[in-house]
Amino acid sequence: MDKRVYKISYLTKEFYRNFTEDKFPEILHKENRPYLVFIVKVENNTFAIPFRTNVTHQYSYRFKNTDKATDTSTGLDFSKAVIVNENLYIGNDASIDKKEFIELENKVYFIIKKFSNYVKNYIRYTKDKNTEMLDKKYKFSSLQYFNKELGI
């Protein structure tokens with residue numbers, strides 16, 4: 001990564017070959033159009049957080065500004081984040097909507113902090129075996145496939 005603390009890119013075909021939909025159903029898969037992802041290092045792991053055009057839950061960062069013609073909330077979906085510590089999983093650079101990019105630049109540290117708290121709480125609830133909170137907040141989270149990388 002350059003001077004920025006993040007990167008916007010795609011995940012590679014190699015990632016999707018290793019994390020197939022049948023074995024990892026909570027990871028987002030699209031056959032013909034891969035998701036753009038926000039790559040950021042938090043603690044000792046590199047995460048890929050997908051950009052989504054229809055984010056309705058609170059476990060996300062929703063953009064206030066966009067040039068996209070949509071009635072829904074666009075944003076970063078924390079619940080579908082994956083760990084991509086292997087460089088072979090990080091694909092080509094990508095770009096996003098201009099207004100969203102400006103907002104991302106202005107809010108990047110806020111977004112990283114919010115996401116970091118999401119991950120820390122997942123680790124805490126998992127270690128404490130707090131099934132009520134895990135079911136409520138993390139039932140559909142992709143983090144469940146990366147407990148080893150998270151030190152759980």
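The values are calculated or read from the model by the stated rules, or taken from the named source; none is laboratory data. As the structure is a computational prediction, the values presented were derived from the model and not from experiment. Quick reminder, even Gly has a Cβ in these numbers, built from the backbone with ideal geometry, and neighbours come from all protein chains shown. Accessible surface areas use protein heavy atoms only, side chains included; no ligands, DNA or RNA. Shrake-Rupley method; radii C 1.70, N 1.55, O 1.52, S 1.80 Å.
Taken over region 50-80, the residue count meeting the criterion of being open to solvent by 10 Å² or more (accessible area, probe 1.4 Å) and at pLDDT below 95 is 20. Taking the listed residues SER73, SER79, SER9, the one that is hydroxyl-bearing (Ser, Thr, Tyr) and either touching a helix residue (DSSP H, G or I) at 6+ places or on another chain (Cβ under 9 Å) or part of a helix (DSSP H, G or I) (or both) is SER79, with no other qualifying. Taking the criterion of being surrounded by fewer than 17 Cβ atoms within 10 Å (Cβ to Cβ) and assigned to a helix (DSSP H, G or I), the residues of region 15-49 that qualify are ARG17, ASN18.
With the structure loaded, tell me whether LEU104 is assigned to a helix (DSSP H, G or I) and either in contact (Cβ under 8 Å) with a residue 60 or more places away in the chain or aliphatic (A, V, I, L, M) (or both) or whether it fails that test. So LEU104 passes the test. Cβ-Cβ contacts under 6 Å between residues 6 or more apart (or on different chains), taken from a first residue in region 54-77 that is of a type in the set (A, V, I, L, M) to a second residue that is at pLDDT below 85 and surrounded by 13 or more Cβ atoms within 10 Å (Cβ to Cβ), are listed as VAL55/SER73. Close contacts from region 121-142, counting a first residue that is free of Cβ contacts under 8 Å to residues at least 40 places away in the same chain and a second that is open to solvent by 40 Å² or more (accessible area, probe 1.4 Å) and acidic (Asp, Glu), with Cβ to Cβ under 6 Å and a gap of 6+ residues or different chains, come to none at all. Checking each residue in region 124-142 for being crowded, with 16+ Cβ neighbours inside 10 Å and either in contact with a Leu (Cβ under 7 Å, 6 or more places away or on another chain) or not in a helix (DSSP H, G or I) (or both) picks out TYR125, THR126, TYR138, SER141.
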